[in-house]
1. How long is the gain from Arg103 to Lys242 if the chain were fully straight, where each residue apart is worth 0.36 nm and the alpha carbon distance is subtracted?
2. Based on Cβ point charges of +1 for Lys and Arg and -1 for Asp and Glu, what charge dipole magnitude is obtained for the chain about its Cα centre, in debye rounded to the nearest 20?
3. Report the one residue of Ala25, Ile75, Asn336 whose Cα lies farthest in the direction of the positive end of the charge dipole of the chain (charges on C-beta: Lys and Arg +1, Asp and Glu -1; origin at the Cα centre).
4. Would you mind working out the accessible area per residue for the chain, using a 1.4 Å probe, and quoting it in Å²?
5. Multiply the residue separation of Val20 and Asp70 by 0.36 nm, subtract the distance between their alpha-carbon atoms, and state the gained length in nm to one decimal.
6. Using only DSSP helix segments of four residues or longer, with each worth -39500 (n - 2.57), what per-residue ellipticity at 222 nm results for the chain after dividing by its residue count and rounding to 500?
7. Over the Cα atoms, compute the radius of gyration (one decimal) and Dmax (the largest Cα-Cα distance, rounded to a whole number) for the chain, in Å.
8. Taking square-rooted eigenvalues a ≥ b ≥ c of the alpha carbon gyration tensor, is the range 324-370 rounded, prolate or oblate, where a/c under 1.5 means rounded and, failing that, a/b exceeding b/c means prolate?
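The values are calculated or read from the model by the stated rules, or taken from the named source; none is laboratory data. What you see is a predicted model, and the numbers here were worked out from it, not measured in a lab. Cβ placement follows ideal geometry from the backbone for every residue including glycine, while neighbour counts extend to all protein chains displayed. With ligands, DNA and RNA removed, areas are computed over all heavy atoms of the protein, side chains included. Shrake-Rupley method; radii C 1.70, N 1.55, O 1.52, S 1.80 Å.
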Amino acid sequence: MDVGIDRLGFYTPKKYIDIVELAEARDVDPNKFTIGIGQSKQAVPDVYQDAVTMAAEAADKVLDDDNRNDIGLVIVGTESSVDESKATSAFLMDLLDLPEDVRAFEIKEACYGATAGLQMAYNFVAMNPDKKALVIASDIARYGIKTPGEVTQGAGAVSMIVSQNPHILKLDNKSVYMSRNVGDFWRPTFSKTAFARGKYSNEIYVEFFTTLWKRFQEKYDMTAEDFDTMLFHIPYTKMGMKALRTLDGQIPAAHYDKLVEHYQKSIEFSRNVGNLYTGSLYLGLISYLVNGNVQPDEKLMLFSYGSGAVGEIYSAEVVAGFDKYLDSEFIKEELNNRQKISVPDYETIFSEELENAGITKLEDVHDKFYLSEIKESERLYKKVN
Ligand code: CAA
């Protein structure tokens with residue numbers, strides 16, 4: 001039985017800043033941000049948005065009356081959750097009219113959370129073929145104003161419905177993974193912004209990739225030429241390229257060039273959104289499926305990396321006719337119809353948040369799901385009808 005991704009949805013906030021304007025405001029050569037880091041735009045979440053509202057937005061795009069009642073598992077991968085106790089998925093139960101006979105919980109392991117969720121969903125559907133799983137990656141990536149990480153911020157969510165006989169991607173149960181206690185990136189519970197040893201985190205990312213890629217090839221007796229495309233976790237678009245470059249000179253040049261060409265298609269959306277943390281790898285998948293010249297039955301390798309650190313490489317196969325199940329035009333339209341805001345406006349939004357006893361005015365809301373109120377420190381959410 002084939003199990004994999006049947007539907008894919010994406011949401012990013014409607015406001016963004018231009019990276020050249022950010023560079024100018026920070027007195028940095030814009031080429032450093034656009035070429036050295038590889039970013040063009042950065043999503044800016046509104047005050048009424050968080051990991052819950054963005055998860056709801058992304059999931060709303062893939063749920064319908066046909067699949068909603070088949071869902072038996074709801075997993076949200078996030079490292080920017082709003083509660084130390086209650087899972088993001090619990091807030092989604094009524095926002096998304098999900099059936100009660102589901103297991104709903106949250107997974108945290110930095111940018112690896114959604115991959116852990118996807119693998120759990122794979123096992124769940126393999127054991128319960130009549131059921132489907134909803135896996136959502138939702139995060140706000142924040143390092144702070146005027147920090148080295150600022151240019152690698154972003155926000156958004158990706159949703160996936162995992163089922164038998166999937167229409168988009170078949171997972172083939174080939175995977176290698178590793179975990180190690182690493183101090184490359186962390187966010188203590190008191191802090192809204194992350195701490196990073198930036199260059200060290202780059203090194204660990206590449207080291208995890210090279211270690212896992214060697215293990216994958218040995219375990220499955222496969223090489224780079226068995227894959228048409230390699231997709232990477234994309235904290236910023238140059239990062240995956242640093243890992244891919246380790247294959248330069250190690251594999252036939254024509255195949256390396258093809259992998260680079262496909263990688264460029266996979267980073268188009270991230271370049272214009274920024275880091276989604278755990279959703280980044282899956283935004284790369286969406287970007288490749290929407291922008292690439294994807295062949296039916298194409299073989300993909302996916303590298304997931306979560307600081308702290310966990311890494312995994314797994315493989316998958318594109319399902320012929322996947323394009324009928326992915327609303328490419330809608331995704332492009334949503335990205336094109338965002339509103340550019342100035343760097344000072346972004347700085348103001350960055351420091352604003354709804355206070356305890358605060359209420360969001362409906363006229364300020366430009367999305368479907370929003371944080372409506374904080375009452376006795378409890379966050380309450382609503383859907384615009
Ligand atoms: N024109 C063109 N390129 C330029 C340039 C110019 N004028 N000036 C500098 N550059 C290049 C540099 O040569 C460098 O390129 P290479 O990386 O290829 O050497 C690049 O721009 C970045 O320059 P620096 O290394 O000097 O940049 P920095 O010290 O300001 O920090 C960063 C960059 C480490 C990525 C920082 O933004 C950061 O800490 N980000 C957050 C951490 C992060 O994203 N880590 C990624 C791995 S961990 C992970 O993946 C998990 C996750 O999601 C966080």
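1. Separation in residues times 0.36 nm, less the Cα-Cα distance, equals 46.2 nm.
2. Result for the chain is approximately 880 debye, rounded to the nearest 20.
3. Towards the positive end, the residue furthest out is Ala25.
4. Accessible surface, normalised per residue, equals 43 Å².
5. Gain in length upon complete extension: 13.4 nm.
6. Details: 11 runs with 119 residues, N = 385.
The helix contribution divided over the chain gives -9500 deg cm²/dmol.
7. Considering the chain through its Cα atoms, Rg and Dmax are 19.7, 62 Å.
8. Cα axes put the range 324-370 in the oblate bin.
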